[in-house]
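Every number in this text was worked out from the coordinates using simple rules, so none of it is lab data. Treat the numbers as computed from the prediction; the structure is a model and nothing was measured. Neighbour counts are summed over all protein chains in view; Cβ atoms, including those assigned to glycine, are modelled from backbone coordinates with ideal geometry.
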Amino acid sequence: MTINEIQNQIIDEFSDYEEWLDKYEYLIELGNSLEMISEDQKTPDNIIQGCQSRVWLVAKLDDDGTVCFFADSDAIITKGIIALLIRVFNHQKPQDIINTELYFIDKIGLSENLSPTRANGLLAMIKQIRYYALAFNALKK
Amino acid sequence: MNINELRKDFPILSQKIYGHNLVYLDNAATTQKPQCVLDSVMKFYTVYNSNIHRGVHYLSEKATEIYENARLKVKDFINAKSRSEIIFTKGSTEAINTLAYSFSLKYIKPGDELIISEMEHHSNIVPWQLYAQNKGAVIKVLPFDNNGELLLDKLESLITEKTKIICVTFVSNTLGTVNDIEKIIKKAHEHNIPVLVDAAQAIQHLKIDVQRLDCDFLALSGHKIYAETGIGILYGKEKYLEELPPYQGGGDMIKNVSFEKTTYAELPLKFEAGTSNFVGAGSLHTALDYVDRIGIENISQHEKQLLDYATNKVEEIGGITIYGRAKNKVSVLSFNVDGAHNYDVGMILDKLGIAVRTGQHCTEPIMTHFSIPGTVRASFALYNTFEEVDRLVEGIKRAKKMLVG
């Protein structure tokens, strides 16, 4: 699936939830089921320090030329949003990650979580995802 | 004191957030404004607006009168000796920065020492690092115990002949502890050391009498006591303020200026460079009058009842850790739901219309002390009700169920 197809799928899933707390329940569920990154990968190099919550991000380039992301957070709702971001960007080509506009978070009503003043690490994480994609893209060339 | 009547003075409180009646429990961050304060701001701009001091015209005189009357109100409110001791700043942070800069310039030499408590807000740590530590001074830390009480018996051993100032908060914004300021000041004065009291979290809860306390400096914020943002106070004993050099240069703080030599204005204007926030000062006057009408003791008593009620109810939930168990506390309740991150709890409470603060509350050393990333902080003001505490408790239960099952 393309990045936008996945984004649209997520928007569709969230349209089932009218209540805020139902959305959060779903995010908590996603957060809990996100594949953990190992403790030894939670290094200062991989941390994205927020004032409110912390995020760790690891990326690698697979043999098929797509990027594989692993991430974690100490806050579970943040982690749920991370699970969505990973679902969107995982196994995509670096070029596609760089070129695609990220719109699903806004559409499902969670854009407040990307405010720079929230300091939950998410905004910086998205930036970091794009930096990884840029780096892998340069590497391929 | 009829809370339901008082609540009508605060128009913001009657709104709905995400479909719920707003429960505003972030009062340690900022308090809501009563209608009289809002009216005073509107009236200033519609009737008196003009720049203060040295204007020959009617409006400038009126505006100056409002500004200077506000200074007299503050002087009376904290029982300072004279208006020269009341310096308007934009808040307590600027008040501390002003003092830290001027004090360090005048009195600090390499190797000198400062004592700062472990429970200070970053605003009472960083300015001293910027100005005193950079001049080679050493910062010594007065620790607190796990109940959130300062270890005052350690103070004596921290004091040396190089100690130049002791900087301590009256009330902890994170733990709610009311520190025994008088004891600290007495001990400091035995060694002729001046004391700065950060009263940003005290002024809205406790009667402050600077002459009785005998503190040398005190910092205040207007917005924590129902006034506008952008107005605060640095109180200082006249003998120090006379000696200290100005912090910023500009208009209003000078007597004569030439390229060879500039002389400074008399106190308090020496420390008020540039156009002051005279509208904010007027709003502070109105807010302090409002608090006086209700009575700070009545406010304090009501808030204490709310805190005790909330503490008991939150403890009854089980699986909650409360931070700050001092015997003498104001209405700040810091806690964590065991097994959940404070940020998640705060986000869920928010969607239930309950405004709390989460994180480190600008007191990272306190978080380091307890080895936690942060806390959820509910803080109560004069307009909060027991029903609102019940809503908070229900919200915490809901969050706990969602986050830890």
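So, counting K/R as plus one and D/E as minus one, what does the shell of residues with Cβ under 13 Å around B:Gly136 add up to?
With Lys, Arg at +1 and Asp, Glu at -1, the net is +2.
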Net charge of Cβ neighbours under 12 Å - reference B:Arg7; Lys, Arg +1; Asp, Glu -1: -3
Low-density loop cleavage sites - GluC sites (Glu not before Pro) in the stretch B:218-314, where at most 11 other Cβ are within 10 Å (DSSP): B:Glu260, B:Glu266
Shape of the stretch B:324-405, Cα gyration tensor, a/c cut at 1.5: oblate
On Cα atoms only, tilt of B:58-77 relative to the major axis of chain B in degrees: 60
Charged-residue dipole, Cβ positions (Lys, Arg, Asp, Glu), the protein assembly as shown about Cα centre, Debye nearest 20: 1260
Peptide A:31-38 - average C-beta neighbours from other chains (10 Å radius): 0
Sparse-neighbourhood loop sites, trypsin sites (Lys or Arg not before Pro) in the stretch B:80-120 - DSSP loop, at most 13 other Cβ within 10 angstrom: B:Lys81
Cα gyration tensor shape of the stretch B:98-152, rounded if a/c is under 1.5, else prolate or oblate by comparing a/b with b/c: prolate
In order through the stretch B:107-115: 3J(HN,Hα) via Karplus (6.51 cos²θ - 1.76 cosθ + 1.60), integer Hz, x for Gly, Pro: 10, 8, 10, x, x, 5, 10, 10, 10
Pairwise label distance in nanometres, B:Lys162 with A:Tyr131, each label 7 Å out on the Cα-Cβ vector: 4.0
Of A:Ala138, B:Ser50, B:Ile396, farthest towards positive along the dipole that unit charges on Lys, Arg, Asp, Glu beta carbons give the protein assembly as shown: B:Ser50
10 Å-binned pair-distance histogram of chain A (Cα, whole percent): 12, 43, 37, 8, 0
Footprinting exposure proxy for B:Asp209, B:Asp26 (fewest neighbouring C-beta atoms within 10 Å first): B:Asp209, B:Asp26
Whole-number D in µm² s⁻¹ for the stretch B:50-292, Kirkwood Cα-pair radius fed into Stokes-Einstein, 25 °C, 0.890 mPa s: 134
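Taking the beta-carbon count within 10 Å as an exposure proxy, list A:Trp56, B:Trp128, A:Trp20 from fewest neighbours to most.
On the way: A:Trp56 22, B:Trp128 25, A:Trp20 16.
Arranged by neighbour count, lowest to highest, A:Trp56, B:Trp128, A:Trp20 become A:Trp20, A:Trp56, B:Trp128.
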For the stretch B:190-310, the spread of Cα positions along each principal axis, largest first, Å: 64, 41, 22
Only Lys, Arg (+1) and Asp, Glu (-1) charged, at Cβ; the stretch A:3-141 dipole about Cα centre in debye: 760
The protein assembly as shown: proportion of alpha-carbon pairs further apart than 45 angstrom, %: 25
Shielding of B:344-356 by partner chains, average beta-carbon count, 10 Å: 4
Net charge, A:Ile11 excluded, C-beta distance under 13 Å - Lys, Arg +1, Asp, Glu -1: -2
From phi via Karplus (6.51, -1.76, 1.60), per-residue ³J(HN,Hα) for the stretch B:198-207 in Hz, x at Gly/Pro: 7, 9, 4, 9, 10, 4, 7, 10, 10, 5
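Too long at a 22 Å Cα-Cα cut-off: which of B:Lys162/B:Lys183; A:Lys23/A:Lys93; A:Lys79/B:Lys351; B:Lys351/B:Lys401; B:Lys33/B:Lys270?
A:Lys23/A:Lys93; B:Lys33/B:Lys270
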Packing-based exposure ordering (other Cβ within 10 Å, fewest first) of B:Val330, A:Val67: A:Val67, B:Val330
Computed helical MRE - 222 nm, the protein assembly as shown, DSSP H runs ≥ 4 contributing -39500 (n - 2.57), nearest 500: -12500 deg cm²/dmol
Separation between Cα centres of the stretch B:69-89 and the stretch B:305-320, rounded to whole Å: 38
Chain B - Debye-derived log10 I(q)/I(0), Cα point model, q = 0.07, 0.10, 0.11 Å⁻¹: -0.34, -0.69, -0.83
Estimated distance in nm for a label pair at A:Glu19 and B:Met1, the labels positioned 7 Å out from Cα along Cα-to-Cβ: 3.6
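Determine the gain in length on full extension of the stretch A:Ala124-A:Asn8; use 0.36 nm per residue of separation and subtract their C-alpha separation, reporting nm with one decimal. Walk me through the numbers on the way to the answer.
On the way: separation 116, 0.36 × 116 = 41.76 nm, distance 2.31 nm.
Working it through step by step, the gained length comes to 39.5 nm.
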Shielding by other protein chains, A:64-77, mean Cβ within 10 Å: 3
